Amino acid sequence: MSTEPTEVSVTRRASRAFGWSFGNTVFSRLGTLAIGVALARMLGPEEFGIFAIATVTLLAVLSFNELGVSLAVIRWRDAPATIAPTINTIAVGSSAMLTAAVIFGAPWISALLGDVRAAPVVQVIAVSILLNGLVATSAAVMQREFMQKQRTIADQVNTWLGAGLSLLFVFLGWGAMSLAVGRLIASIVFGIMIIRWSPVPYRFGWDSAIARRLFRFGLPLAAASIVVFASGYADQMIVGSLLGAQALGFYVLAFNLASWPVSIFSLPLRAVAPAAFSALKSEPERMSKNFTRVLAILSCVAIPVCLAVSGAADPVVEFVYGSAWISAAEPLMWLAALAALKIWFELAYDYLVVAGRSSIVLLIQACSFVAALPLMLLVAEPYGVAGVAAVQFGVGLVIVAPLYVASLARIAVRARAVMAAVALPVVAGVIAWGVGWVLSRTIGMPFFAAAAAGLFAMLMVAALCWRQRGDLRLLRAAAWGKETA
């Protein structure tokens, strides 16, 4: 029996979901960037660093909060309603215990990360851990069903409500606590909306057979997520503990600015890619071909932008955040280049997980962490935040990228195809970096230097996308069911 109507339905739904997800991410990131600029200017590096301690703590726990079991809703063929009650029980139970642990351990965590004054902020934001566990299953069901329209509305409410409340509390003189309280209130509203819109009724339950399957599936992913977090955020923990809250404020600001291209280009794709890849698992050749096609198009757009930001780091930071934050430019140069690598890594991560190779993901992240940790500890004090960022980029380029390429090759994604997909965008990105670096040193006004670098990067993107117009047409046609990609 032909599966073409089903495949057409999946690709159409994935296409629409990607469109909503992309618009959602663009508006959210533009909003948070604008609000973040205002908050950074109002709070200053030290207060911002105190909030950064709480944020790092939150992200650390969220990386394994629900033990990886919610992803089973997306990957398994089981009806969500049959496994959701057990997943809810596991997710809420684990998140409640972790929330309590963070609240009681907040003074020790804050002192370890550079400033004990962050303890009350950590305790407030820790409640978000419990909220995350409560909505994990409902959010996964919405992702599985490509309900990105509803998710967009919820995310926009979360973004703008949290930003508005945070600004209000800053005006009232709450300092770093304003960000934590604003985010917490918005998260509560967001959670209510997600649970309300989920097509699966919210229930608790327990099925031992399902639970065993969930733990077998989820625990390796949870372990991988811990290692992913450690490899991705150990730099911030080292900066905070060895260099203090103010240095962490500079580093996190650079990290956030560098992450903006990742959020714009990678996160929307990750919202729909696992479900779309999973739908094509029965056709490995098509699945592999579509992976390299998406990789090429994503690289054409993202690589020149990331490397242009890296090359023009000084004027970008000075124009956006002001001269008080110029120390953030040194790590930004390396972290923006690292962002280009992360976009590749995250797409490969999702592909490997859908292909059932989550253990390989764990191994890659473990290698990254083991290689980077001693080097960052070695360079942190003599070379400061720039040295820590440079180590992250070096390990990503020399160790992590080759490991991902080799792992993909083992599941029929040929290394030659991967290299062909990214080669020209990398060349264009290196040129964009050089132009940005020259402009930052020849144009005295930060706005004009940053704008000129950005304009050149956009021209490079347009030229690359024109060259890939055939693949773009194929993907568009597949999305509307006119031909197979």
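For the pair F204 and V189, how long in nm is the line joining their label points, each one 7 Å along Cα→Cβ?
That separation, rounded to one decimal, is 2.8 nm.
First measure r as the distance between the Cβ atoms of A81 and K149, then evaluate 1/(1 + (r/R0)^6) with R0 = 25 Å and state the FRET efficiency to the nearest 0.05.
0.70
Any chance you could check the Cα centroid distance between region 179-194 and region 340-417 for me, in angstrom?
32
Between I411 and V426, what length in nm is gained on full extension when 0.36 nm per residue of separation is reduced by their alpha carbon distance?
The span from I411 to V426 would gain 3.0 nm if fully extended.
Between V116 and L242, how high is the FRET efficiency from 1/(1 + (r/R0)^6) when r is the Cβ-Cβ distance and R₀ = 25 Å? Nearest 0.05.
Between V116 and L242 the formula returns 0.95.
A short reminder: the numbers here are calculations on the coordinates, not readings from a lab. The model shown is predicted, which means the values in this text are computed figures rather than measured ones. Methodologically, a virtual Cβ is constructed for each residue, glycine included, from the backbone with ideal geometry; neighbour enumeration extends over all protein chains shown.
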